[in-house]
Amino acid sequence: MNDLSTATPEQPPIVEVQDMRVTFGSQNVLRGVALSVPRGQSLAIIGESGCGKTVLLKTVIGLVRPTSGVVRFCGYNLAELSDRELTRQRVRFGYVFQNAALFDSLTVGQNVAFPLRQHKSESPSRIRELVLARLAEVGLPNSVISKKPAELSGGMRKRVALARALIMNPELMLYDEPTTGLDPIMSDVINELMLRTRNQHDVTSIIVTHDMRTAHKVADRVVMIYPVNRLEPDEPQLIFDGTPDELKACGDRRVLQFVRGEAGERLAEMHQASSDREPQS
Amino acid sequence: MERSPRRGLAASAQDLVTDWGTVVIDGIVSVGDLGLFCMRTISWLLTRMPRRETLLPNFYQVGVMSLPVVALTGTFIGMVLAVQSYGQFRQLGLETRLGAVINMSLVRELGPVLAATMLAGRVGSAMAAELGTMRVTEQIDALSSMGANPIHYLVVPRFLACLVLIPTLTIMADFMGVVGGYFFTVEVLGIDKHHYWHNSEHFVGVFDLLSGIFKSFFFGAAIAMISCYRGFNCTPGAEGVGRAATAAFVYSFVLILMIDLFLGVMINAVYDTFWPEGLSLI
């Protein structure tokens, strides 16, 4: 495994997570997570559903506050920032949500223009120009600008969400399951758009996914999270950290199982659970 | 099925104390959380006003769209008051005093409370459902991720709309109630018009009218805060959104009644201080 997590002294990591723990009530979601993302890197966070990938992504932007540990963005400890300072820093992020999270009450054009209207005092014609440019960048025609999100397909909504996330020229792009629920062709379109975004805008990307095609195509580093309740007490939660090519050569059975999409012992657990219930019924 | 073993009296008592303790602690936490939510809203309200384009749709929804239902509510309250009071007052030979009792009840109590209740159902539930859906579909997180504060963008405009327009709608409900009461008493029951207005004017003063409107500011603020808070803390799924909308109405209604009682006592104390003689119907 190469040392991708180490940033050079001249360029401090854009994101640094130290010994982070996140709990919701009595449920432990993340435990002792440490991660460092250098500028310009495309990092894919993989793992099965419910392992805490999205929670990790939300802690990076401060939408979820860690129970303990430190999350730094460009050296700022997010927990120490006031509401207003955090709001200011978030302009430097672009976040593409799993289900796009477009505002239902606004048109596509108003959705994409939203961050501009919040933070810049551009003229309406200039805003329209920028919105159309971003929509063209993600392959959407001018005609969608006046449509409501409900009138668009899943793939189009994801592309609008990408255009909205890019409108402020962010330094860090966060993608939450960008290809989930899309057909293979549209998934590949989104993968290409993520690659293009990275090449054209010189951004750092963190992509949460369980689509191995996305991880192989877009990422230059992959980390795998494993659910806390399946770990031994002292085991780290990040069970893999390396390049996409190293994934296939990894000796860890759990990583290989995920990469190959094999149910493995989960089938036996499922049979056990159903046989435990049978005598009661 | 395996039967659970019988529990002793001490263990059951312990469970009861634990359950009640949890309920009390959860209640205190919720009240504290709501208090912080209100403080953050007021802090944003005082430091940065929302933009016109976010304010206007909320003012339209709360004000214009509620007009018909509030007018109808007010009219019927006035007429129902006339129907209910007429029989009793006729027995005492005080029919001409109906104007005083109808209009006094309307402007001091029933107009503000029933208008607020109607608005808690129409506006409050809709707010909670809308914000709850935004929470469930991550639209509130999306707002935060784009550097917009959800309290400033979503709560402050709704709070202002309720604070300004619910008292305005209360004035409308009062007016329609007065019209409805007059119509039923004079046109249907045939009470003399001159005496009806003369008694109204004599017993109902500006203080009574203002005390009702004063209360409606608190009702408006309570509806906005409770509804937005329930929407923001909505649990996932369609059930969560439905529960948020229902809870918004129920808690708003309870709070309206509590505020009404508290302010009623306070306003009466003020009235007694300034006008110790008061006025009698007989």
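We did not get these values from a lab; they are worked out from the coordinates using the rules stated. Small disclaimer: the values here were computed from a predicted structure and weren't measured. Glycine gets a Cβ as well: all are built from the backbone with ideal geometry, and neighbour counts include every protein chain shown.
For chain A, state the average projected area of the convex hull of the C-alpha atoms over all orientations, rounded to one decimal in nm². Please list the in-between numbers first.
Working: hull surface 71.8 nm².
Computed as one quarter of the Cα hull surface, the answer is 18.0 nm².
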Quiz item: When N is the residue count of the range B:96-208, what does its C-alpha Rg come to as a fraction of 2.2 N^0.38 Å?
Solution: 1.57
Quiz item: Counting only residues 5 or more places away or on other chains, whose amide H sits under 5 Å from the amide H of A:ARG31 once H atoms are built in the peptide plane?
Solution: A:VAL22
Self-check item: Principal axis dimensions, largest first and in whole angstrom, of the protein assembly as shown by Cα
Solution: 100, 76, 43
Quiz item: Considering the alpha-carbon set of the range A:170-281 alone, what are its Rg and its Dmax in angstrom?
Solution: 17.6, 61
Self-check item: Highest-fluctuation residue, B:ASN233, B:ASN149, B:ASN268 considered, GNM on chain B with Cα pairs under 10 Å
Solution: B:ASN268
Exercise. Arrange the peptides A:259-270, B:239-250 so that the one whose residues have, on average, the most other Cβ atoms within 10 Å appears first.
Key: B:239-250, A:259-270
Quiz prompt | Stokes-Einstein diffusion coefficient of the range A:51-133, Kirkwood radius over Cα pairs, 37 °C, 0.692 mPa s, in µm²/s | solution = 221
Exercise. Please turn the phi angles of the range B:125-138 into ³J(HN,Hα) values with the Karplus equation 6.51 cos²θ - 1.76 cosθ + 1.60 (θ = phi - 60°), one per residue in order, whole Hz, x for glycine and proline.
Key: 5, 5, 4, 4, 5, 5, 5, x, 5, 5, 5, 5, 8, 6
Practice problem: Please average, across the residues of A:91-99, the number of beta carbons from any other chain that are within 10 Å of each residue's own beta carbon, and give a whole number. | Solution: 3
Quiz item: Which shape class applies to the range A:189-251: rounded if a/c is under 1.5, otherwise prolate when a/b exceeds b/c and oblate if not, where a ≥ b ≥ c are the square roots of the Cα gyration tensor eigenvalues?
Solution: prolate
Exercise. Using a 10 angstrom cutoff on alpha carbons, build the Gaussian network for chain B and name the most mobile of B:LEU119, B:LEU154, B:LEU263.
Key: B:LEU263
Practice problem: Calculate, for B:VAL64 and A:SER26, the FRET efficiency according to 1/(1 + (r/R0)^6) with r their C-beta to C-beta distance and R0 51 Å; round to the nearest 0.05. | Solution: 0.60
Exercise. With a cut-off of at most 16 other beta carbons within 10 Å, and DSSP calling the residue loop, which GluC sites (Glu not before Pro) in the range A:112-161 qualify? Please list them.
Key: A:GLU122
Quiz item: To the nearest whole number, what is the average tally of beta carbon atoms from other chains within 10 Å of the beta carbons of peptide A:103-116?
Solution: 2
Quiz item: Between A:VAL96 and residues 5 or more places away or on another chain, which pairs have amide H atoms under 5 Å apart, with H built 1.01 Å from N, and which residues are they?
Solution: A:LEU174, A:TYR175, A:ASP176
Quiz item: Mind listing P(r) for chain B? All alpha-carbon pairs, 5 Å bins, whole percents.
Solution: 1, 6, 10, 13, 14, 12, 10, 9, 8, 6, 5, 3, 2, 1, 0, 0
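Filter the cross-link list A:LYS217/A:LYS248; A:LYS53/A:LYS120; A:LYS58/A:LYS248; A:LYS120/A:LYS158 down to pairs whose alpha-carbon distance in this structure exceeds 26 Å.
A:LYS53/A:LYS120; A:LYS58/A:LYS248
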Practice problem: Please list, or write none, the aspartates and glutamates whose alpha carbon is within less than 16 Å of the alpha carbon of A:LYS148, excluding same-chain residues fewer than 8 places away. | Solution: A:ASP104
Quiz prompt | Within 10 Å of each Cβ in B:134-144, the average number of Cβ atoms from other chains | solution = 6
Quiz item: If eta is 0.692 mPa s and T is 37 °C, what Stokes-Einstein diffusion coefficient results for the range A:103-168, Kirkwood Rh from Cα pairs, in µm²/s?
Solution: 285
Quiz item: In chain A, what percentage of the DSSP-assigned beta bridges are antiparallel, given to the nearest 5?
Solution: 50
Quiz item: Distance from the Cα centre of the range B:188-204 to that of the range A:218-281, in angstrom?
Solution: 82
Quiz item: Which aspartates and glutamates have a Cα less than 14 Å from the Cα of B:LYS193, not counting those fewer than 8 places away in the same chain?
Solution: B:GLU95, B:GLU201
Quiz item: Picking from B:ILE151, B:ILE25, B:ILE140, which is most flexible by a Gaussian network model of chain B using Cα springs under 10 Å?
Solution: B:ILE25
Practice problem: Would you mind working out the magnitude of the charge dipole of the range A:103-168 relative to its Cα centre, with +1 at each Lys and Arg C-beta and -1 at each Asp and Glu C-beta, to the nearest 20 Debye? | Solution: 60
Self-check item: the range A:237-251 - phi-based ³J(HN,Hα) in whole Hz, Karplus 6.51/-1.76/1.60, Gly and Pro as x
Solution: 7, 8, 8, 8, 8, x, 7, x, 5, 6, 4, 5, 8, 5, x
Quiz item: Is the shape of the range B:16-101 rounded, prolate or oblate, going by the alpha carbon gyration tensor and its root eigenvalues a ≥ b ≥ c, with a/c under 1.5 for rounded and a/b larger than b/c for prolate?
Solution: oblate
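Taking neighbour counts of Cβ atoms within 10 Å as a proxy for exposure, in what order, fewest first, do A:LYS217, A:LYS248 appear? All intermediate terms of the calculation are to be shown ahead of the outcome.
Values: A:LYS217 17, A:LYS248 12.
Going from least to most buried by this count: A:LYS248, A:LYS217.
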Self-check item: Coordinate range along principal axes, alpha carbons of the range A:177-222, Å, largest first
Solution: 28, 20, 14
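Report for the protein assembly as shown the percent antiparallel among DSSP-assigned beta bridges with both residues inside it, nearest 5. Working shown, then result.
On the way: 18 of 35 bridges.
Of the beta bridges lying entirely in the protein assembly as shown, close to 50 percent run antiparallel.
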Quiz item: When the Karplus curve 6.51 cos²θ - 1.76 cosθ + 1.60 is applied with θ = phi - 60°, which whole-Hz ³J(HN,Hα) does each residue of the range B:143-159 get, with x for Gly and Pro?
Solution: 4, 4, 5, 9, x, 10, 7, x, 5, 5, 7, 9, 7, 4, x, 5, 4
